[in-house]
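FYI, it's all coordinate maths here, none of it is from the lab. What you see is a predicted model; the values in this text were computed from it and never measured. Positions of Cβ are backbone-derived with ideal geometry, glycine not excepted, and every protein chain shown enters the neighbour counts.
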Amino acid sequence: MNSTDTAPLIGSQYEAGDIAWTLASTALVWLMIPGIGYFYSGMARSKNALSLIMLSCCSIAVVTFQWFLFGYSLAFSKSANSFIGNFDNAFLRGVLDAPSVGSSRIPDVVFMLYQGMFACLTPALAIGAAAERGRILPTLVFIFLWTTFVYDFIACWTWNPAGWSFVMGGLDFAGGTPVHISSGGAALAYALVLGRRSGDHRDFRPHSMSNVVIGTCFIWFGWFGFNGGSALSANLRAAMACVVTNLAASVGGITWVLLDYRHERKLSVLGFCSGAVSGLVAITPGSGFVSPASSVAIGFLGALSCNMAVRLKHHLKYDDAFDVFAVHGVGGIVGNLLTGVFAQSWVAALDGVTVIAGGWLDGHWIQVAHQLADSAAGLGWSFTVTYLILFIMNKIPGLNLRAKAINEHRGLDLAELGEEAYGYVNEKVEGVEHSMEIGQAGGSGASHSSDSINEVKIGSVSTLGRHPSETPQSH
């Protein structure tokens, strides 16, 4: 060999722009996970706010380790069967510069990292159903087991070219079944196993709408990487996925606000956030297959269906704390079915390589049946296996799922973390209470102290959601 010859650079066959877009999308999806934590923490009572943010972040850590051990191999090994992969790529062996199973345009290691964020995000969604009463350590064990026995299976049959749903012709661009339907089914099982929260249900109100809005913004922002990044290339199909994602979220938010306005005559901030997330969920499976006009219909129908599911929950009397099943489960099913209606071959072909028969708009009538089969299988597998995992865990000493009644009343932040989301505010309130006691003991200043403590409590997180002029009603 001539001394001037050089070996080709590893990975030089790939377009740098495709790798850069996928890596950027990975970071966007990562940002969604603490966004879920903030969204959930705002909807909870203040005494449980920190534990929900903690659990979302821990989901990243636990699943990242599981993904390294064998999770990626189970979901995306190139010699998988129609149901699950194997351990060929355990410990990320052989995962580097070969063309990925998802797309020949990016290498294995990039695809592995990107898909790992989906795996981290999904259990973070599901555990919202157990909020305010589920113990933290068993929840972390559950996340590891659930990712292994539920998520990896569904991801394999949906996205691995050997998977039965993929071979059948099911269309799921970014996770309608592996992410949303699976997390919704798991949330329903978790809520049923744990039972209802103790206390007056009228007290279960969001303590911080600011956290809910911040979480929604993180989630919406990250969803551009969630859906747009699923093109696995910087191309027109990725751009179209971003367009329809933003449209569906916008229409969903407006739709939910108007639906709630009919009942409350208020323009609800929580309603807008819930509607936006519902639109994002519904557009996910079809985001690489539908046109902008179709995304408007999907955003509207997704928000309408999820809103109705939330109202139905109150009649069925199960305590899914943050409506995970109603929004992600129902929204994912509706999105999957509407993908079968609105998918069009010209949208999928924007990446220059994908060929599909389309949905009903293209005269491919069987597509809805394919979508229904995939949705039913995903929901059934997730609910059944999740219920079994939780049932078995609950029988193992030390892994009982529900917190003790005294800890539930105290709040999981202090009971299990020993820290509070709003420690300074609580210290101020306690300080004023102590001053009031001293004033009452001395027979002077009691009235002033009483006014002071009311002032502090009205400004603290403990009374958010109630107008200062309102007083609790006795029944």
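Things worth noting here:
- Cα-based shape type of region 289-422, given that a ≥ b ≥ c are square roots of the gyration tensor eigenvalues and the cut on a/c is 1.5: prolate
- For residue 188, net neighbour charge (Lys/Arg +1, Asp/Glu -1) across residues whose Cβ lies under 15 Å away: 0
- Expected 222 nm ellipticity per residue - DSSP helices of 4 or more, -39500 (n - 2.57), all of the chain, to 500: -19000 deg cm²/dmol
- Rounded FRET efficiency, nearest 0.05, which uses the C-beta distance separating residue 318 from residue 388 and R0 of 22 Å: 0.75
- Count of Lys pairs (Cα-Cα under 17 Å; at least 8 positions apart or interchain) in the chain: 5
- Loop-resident sites, region 323-431, for chymotrypsin sites (Phe, Trp or Tyr not before Pro), counting at most 12 other Cβ within 10 Å (DSSP): 365
- Shape call, region 127-250: gyration tensor on alpha carbons, a/c limit 1.5: oblate
- Prolate/oblate/rounded label for the chain (Cα gyration tensor, a/c 1.5): prolate
- FRET E, pair residue 366, residue 405, Förster distance 51 Å, beta-carbon r, rounded to 0.05: 0.45
- Along the chain, the longest continuous region that contains none of the trypsin sites (Lys or Arg not before Pro) in a DSSP loop with at most 16 other C-beta atoms within 10 Å is 94-195.
- Loop-exposed GluC sites (Glu not before Pro) per DSSP, neighbour cap 16 Cβ within 10 angstrom, longest uninterrupted part of the chain: 16-418
- Estimated FRET transfer efficiency (residue 345, residue 202; beta-carbon r; R0 51 Å; 0.05): 0.50
- Distance in nm between pseudo-label sites at residue 10 and residue 396 (7 Å out along the Cβ direction from Cα): 3.7 nm
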